[in-house]
Amino acid sequence: MKTQYYTATSLDGFIATENDSLDWLFPLGAPNETSYPQFIAGVGALAMGSSTYAWIVRNAEKVAAETGSPWPYSQPAWVFSSRKLPIIEGADVRFVHGDVRTVHGEMRAVAGNKNLWIVGGGDLAGQFYDAGLLDELIVQIGSVTLGKGKPLFPRRVLSPVLRLVSVHQMGAGLAELRYEIRSTGLQGAA
């Protein structure tokens, strides 16, 4: 079982625009043309921040058109939020806040031998990293720049913590990099 941060980013390191738009991503390729189908088959539970969840709520029609449902996951999800958010009908969602270590234990118990996916955002993935709980970064880099927006991973991580394990081109618009996170005691250093 691994805890993985699987995401897409612009070439200049942003996962969304400053107003949480992902419109830049969709023209780069369909999810079924990426590693997503194989990745999601190995996921037993997921964690996401409130901005990611709120994006799904705001874009329920677009999500349903793409996936067949306004909630595209069959796995249980833990949504980290200090604000009250609407519940998506049919979604197995648990709203939580506080230390990721406590929630990580709950997620592991539910996921069985499958992986845990940190869906987003970058700061939430950074909290799992800070706690020494993040095992792998899987980053699809799009052939666009945004200039500003929500950062991919707002942490300082210096070598030799990240070990590049694979690089794959996916069409003309995306390249996927997979990094193993080596535990060196440097986590939490900013």
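Side notes on the structure shown:
- Residues satisfying the stated conditions in region 15-54, i.e. without any contact (Cβ under 8 Å) to a residue 60 or more places away in the chain and outside any helix (DSSP H, G or I): ASN19, SER21, LEU22, ASP23, ALA30
- Qualifying residues in region 77-121 (those that are of a type in the set (S, T, N, Q) and modelled with pLDDT of 95 or more) - the one nearest to LYS2 (Cα to Cα): ASN115
- Index of the failed condition, PHE128 passing every other in (1) crowded, with 19+ Cβ neighbours inside 10 Å; (2) over 14 Å from the mean Cα position of the chain (by Cα); (3) at negative phi: (2)
- Helices (runs of 4 or more DSSP H) within region 55-157 that include 3 or more residues under 25 Å from GLY171 (Cα atoms): 60-67
Condition check ((1) out of contact with any helix residue (DSSP H, G or I) (no Cβ under 9 Å at 6 or more places or on another chain); (2) of a type outside the set (A, V, I, L, M, F, W, C); (3) more than 24 Å from VAL110 (Cβ to Cβ); (4) crowded, with 18+ Cβ neighbours inside 10 Å) across all residues:
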{"residue": "GLU18", "(1), (2), (3), (4)": "yes, yes, yes, no"}
{"residue": "PRO37", "(1), (2), (3), (4)": "no, yes, no, no"}
{"residue": "ALA41", "(1), (2), (3), (4)": "yes, no, no, no"}
{"residue": "THR67", "(1), (2), (3), (4)": "no, yes, no, no"}
{"residue": "TRP71", "(1), (2), (3), (4)": "no, no, no, yes"}
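- The single condition among (1) of a type outside the set (Phe, Trp, Tyr); (2) in a loop (DSSP other than H, G, I, E, B); (3) in contact with a helix residue (DSSP H, G or I) (Cβ under 7 Å, 6 or more places away or on another chain) that ASP12 does not satisfy is (3).
- Residue match in region 83-92 (condition: exposed (fewer than 15 other Cβ atoms within 10 Å of the Cβ), in contact with a helix residue (DSSP H, G or I) (Cβ under 8 Å, 6 or more places away or on another chain) and of a type in the set (D, E, K, R)): yes
- Pairs, first more than 27 Å from SER183 (Cβ to Cβ) and at pLDDT 95 or above in region 125-150, second part of a strand (DSSP E or B) and hydroxyl-bearing (Ser, Thr, Tyr), C-beta under 9 Å, six or more apart: GLY142/THR9
- Test for TYR6: is it under 16 Å from the mean Cα position of the chain (by Cα), under 24 Å from HIS168 (Cα atoms) and not in a helix (DSSP H, G or I): yes
The values are calculated or read from the model by the stated rules, or taken from the named source; none is laboratory data. It should be emphasised that the depicted structure is a prediction, and the values quoted were computed from it without experimental measurement. Counting neighbours? That spans all protein chains shown, and the Cβs are built from the backbone with ideal geometry, glycine included.
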